[in-house]
Amino acid sequence: MNQETKITGTPIEDEPVVEAGEVAATAPIKKPGKARRLLLFLIVPLLLLAAGGWMWWSGQGKVETDNAQLKQDITSVGAQVGGPIAEVLVKEGQQVRAGQLLFRIDPAPYRVALLAAEAQLAAAQLAERQVVTAAAGTTADISGAQAQLAINERALARQAELLRQGFTTRVRYDEALADVTASRTALADARSRAANAGAAIAQGGEQPGEAAARAAIAKAQLDLARTEVRAPTSGTVSNTDRLLTGQQAVPGIGLLSLVASTEAWVEANFKEKDLARMAPGQRAHIEIDAYPGLELSGRVASIGAGTGSEFAILPAQNANGNWVKVTQRVPVRIRFDGKPSKPVIAGLSATVTVDVE
């Protein structure tokens, strides 16, 4: 039996035994030299230094940000009069021209309002004719009162002469005097009525009631025209979720959006420390995330007059003891050189690099 066996009983082959003083014959191991070890220790730091130097050199004269988006003019279109939407003439993504009919609001109530305003004008014109006729009648009343006064004054003079000669009584004289007094009162009343009638007639223009009726007609016509909502500018129809037939239109609430297709730009938000070297007119390189490999050129059009936080709905209030300084960003508008070869969609993310040398 062999000197050593496995637990299973399988014999293990005899291993050679090296006697004391003997040296086993093995292959010699080569150790690396000092130059090779030194090269291995230096090559990694050198590569890191080279990469850092290249990045530093390539970044000189340029500032870059990936906090940028494509922008276009977007007009919110809503109704200026209320009522249910009777007809929708556009759909999502449709190109429209300025002045093109977009949708129509039920015009029936506004037609009725126009008829009521026209009836109000007719009533005002009738009232004006009545005032003019009444004023003309007061002129005749004045003439009649003046004539009656003259007759009574002559009768009073005769009664006074007869009374002096003793051919009449004092009673007859007093009756003639009373007639003269009544005639004078009637003349004063006729003149007062004429003055009032003349004051009711507008001088050098139409009657106030007629003017108000014409204004009501103009408003009714304007409201009726506004039941047809037209495109204020050319562009692409978008955000039409609420533009449905039967939907109640509320004045001032947008029902769709028009994205202007005439001009697009990039709004890049640069750190405040980069602004010292930036100025309008500098060249810019634009990369849009949605179109990999597409590089567009442009120029700095303008630099914002305030940081983004200043135009926020709730600006930051730093008047407390827990204030932490945060690097602010300023919007910079980048204008494209020419028209981009790919469709421009408002809101797409972009990366902008500006040459500031």
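From 178, 225, 215, which residue is under 30 Å from residue 154 (Cα atoms), of a type in the set (A, V, I, L, M, F, W, C) and free of Cβ contacts under 8 Å to residues at least 12 places away in the same chain?
When all the criteria are applied, what remains is 178.
Restrict the check to the stretch 257-267 and report whether at least one residue is of a type outside the set (Lys, Arg), in contact with a Pro (Cβ under 8 Å, 6 or more places away or on another chain) and under 17 Å from residue 350 (Cβ atoms).
Step one: of the stretch 257-267, the residues of a type outside the set (Lys, Arg) are 257-267.
Filter again for in contact with a Pro (Cβ under 8 Å, 6 or more places away or on another chain), leaving 258, 264, 267.
Narrowing the set further to residues that are under 17 Å from residue 350 (Cβ atoms) leaves 264, 267.
Within the stretch 257-267, one or more residues are of a type outside the set (Lys, Arg), in contact with a Pro (Cβ under 8 Å, 6 or more places away or on another chain) and under 17 Å from residue 350 (Cβ atoms).
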With respect to residue 216, determine if the residue is under 18 Å from the mean Cα position of the chain (by Cα), over 30 Å from residue 343 (Cα atoms) and surrounded by 15 or more Cβ atoms within 10 Å (Cβ to Cβ). no
List the number of the failed condition for residue 305; all other conditions in (1) of a type in the set (A, V, I, L, M, F, W, C); (2) touching an Asp or Glu at 6+ places or on another chain (Cβ under 7 Å); (3) exposed (fewer than 13 other Cβ atoms within 10 Å of the Cβ) hold. (2)
When the stretch 254-278 is checked residue by residue, the ones that are under 20 Å from residue 67 (Cβ atoms) and not in a helix (DSSP H, G or I) are 264, 265, 266, 267, 268, 269, 270, 271, 278
Tell me the residue from 123, 117, 157 that is exposed (fewer than 14 other Cβ atoms within 10 Å of the Cβ), assigned to a helix (DSSP H, G or I), touching a helix residue (DSSP H, G or I) at 6+ places or on another chain (Cβ under 8 Å) and among the aliphatic types (A, V, I, L, M), please. 123
Could you figure out which of (1) surrounded by 14 or more Cβ atoms within 10 Å (Cβ to Cβ); (2) of a type in the set (A, V, I, L, M); (3) touching a strand residue (DSSP E or B) at 6+ places or on another chain (Cβ under 8 Å) isn't true of residue 244? (1)
Mind checking which residues of the stretch 110-161 are in contact with a Gly (Cβ under 9 Å, 6 or more places away or on another chain), of a type in the set (S, T, N, Q) and under 30 Å from residue 181 (Cα atoms)? 138
Taking the stretch 308-328 as the search range and keeping residues that are surrounded by 10 or more Cβ atoms within 10 Å (Cβ to Cβ) and either at pLDDT 70 or above or not aliphatic (A, V, I, L, M) (or both), which one is nearest to residue 274 (Cα to Cα)? 328
I need the full set of residues from the stretch 105-159 which are of a type outside the set (Gly, Ala, Ser) and closer than 30 Å to residue 244 by Cα, in order please. 105, 106, 107, 109, 110, 111, 112, 114, 115
Residue that is nearest to residue 196 (Cα to Cα), among those in the stretch 160-186 that are of a type in the set (Val, Ile, Thr) and surrounded by fewer than 15 Cβ atoms within 10 Å (Cβ to Cβ): 185
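The values are calculated or read from the model by the stated rules, or taken from the named source; none is laboratory data. If you're wondering where the values come from, they're calculated on a predicted model, not measured in any experiment. A quick note on method: Cβ atoms are made from the backbone with ideal geometry, for glycine too, and the neighbour counts reach across all protein chains shown.
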